[in-house]
Amino acid sequence: MHKCQWDPNRIVWDVGHIVYINRNAPERKGLPNICVVKRYNEMEMGIRAHPEMDAWKCIKSMFMAWHAEFTTIWLLLACAVYFLIQICLICIHDDSYGYKEEEYYTYMLILNVAILVSVFFSAIFIIFYCISEQIKRTLDHADYVFKVIMIAVITSVLLTAEMGPFPVQFVDLTLLEILLIIVIVFFLSMLVLVQFNSLKTLSWWLTFAFLAIIFFIDFFFITSHEQVKNFWIPFIIALSLLAIAGLFVFFTFPQRLC
């Protein structure tokens, strides 16, 4: 608990400040405690909190570099802009992609739109979750659903783009059709698991393992040089940005310097 004076115009605090103000600030005497909504339990610095927390205060906090999610928000938005640019280039059939088949532009468009929607909604979740616990739960659940849908779309598009030209037949179905059925059943199962809080972590690990297996097989045994250039390199860049954001969150930077 840290001594701190109550400032009604302040949005970003440390947890200790809020605890002290709730207990000792004379200006808050007789008023309800200021609620602290954490995205994860370890958050102690750079917490966004206010007795009248609303969407406008959340938007203003985007430009306050000393709160815990500042870097994460802007890296997510940067990723969203990056994929929006990719979508524009695909729509005009930019020569940098170099696809000879029209359907490959369609595949890449679907893939980039799915990633853009998921990344943008993740940013929306992190910007606005601090309004209340109820909003946090609602946005967190929707964010997870968008992530699962994004992963399912990426997996389906990759399989369709790279295995479609080689229709290996098994009885009445092609290998591609069998794999797509497996993907659909798997991700529908994950959407069911996430309805139970106790199984959410398990569904994340199962999704990660499934995606890792698919991508490993695709990258080392199926993908072409063209796909490495036009999908894997942009995808790795986006993952690197998200990993950097994760490190900034873990080490509570830049608010640690404030």
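The values are calculated or read from the model by the stated rules, or taken from the named source; none is laboratory data. Source: prediction; values computed, not measured. Neighbour counts are summed over all protein chains in view; Cβ atoms, including those assigned to glycine, are modelled from backbone coordinates with ideal geometry.
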Given the condition farther than 30 Å from V157 by Cα and either without any contact (Cβ under 8 Å) to a residue 40 or more places away in the chain or surrounded by 14 or more Cβ atoms within 10 Å (Cβ to Cβ) (or both), answer yes or no: does some residue in region 82-100 qualify? no
Identify all residues within region 1-55 that are loosely packed, with under 14 Cβ neighbours inside 10 Å and hydroxyl-bearing (S, T, Y); write none if there are none. Y40
Residue pairs, Cβ under 6 Å, 6 or more apart or interchain, first in region 202-219 and not β-branched (V, I, T), second not in a helix (DSSP H, G or I). List them. S203/V194
Could you list, in sequence order, the residues of region 180-217 that are polar (S, T, N, Q) and not in a helix (DSSP H, G or I)? Q195
In region 221-229, is there at least one residue being among the aromatic types (F, W, Y), at pLDDT below 70 and more than 20 Å from F146 (Cβ to Cβ)? yes
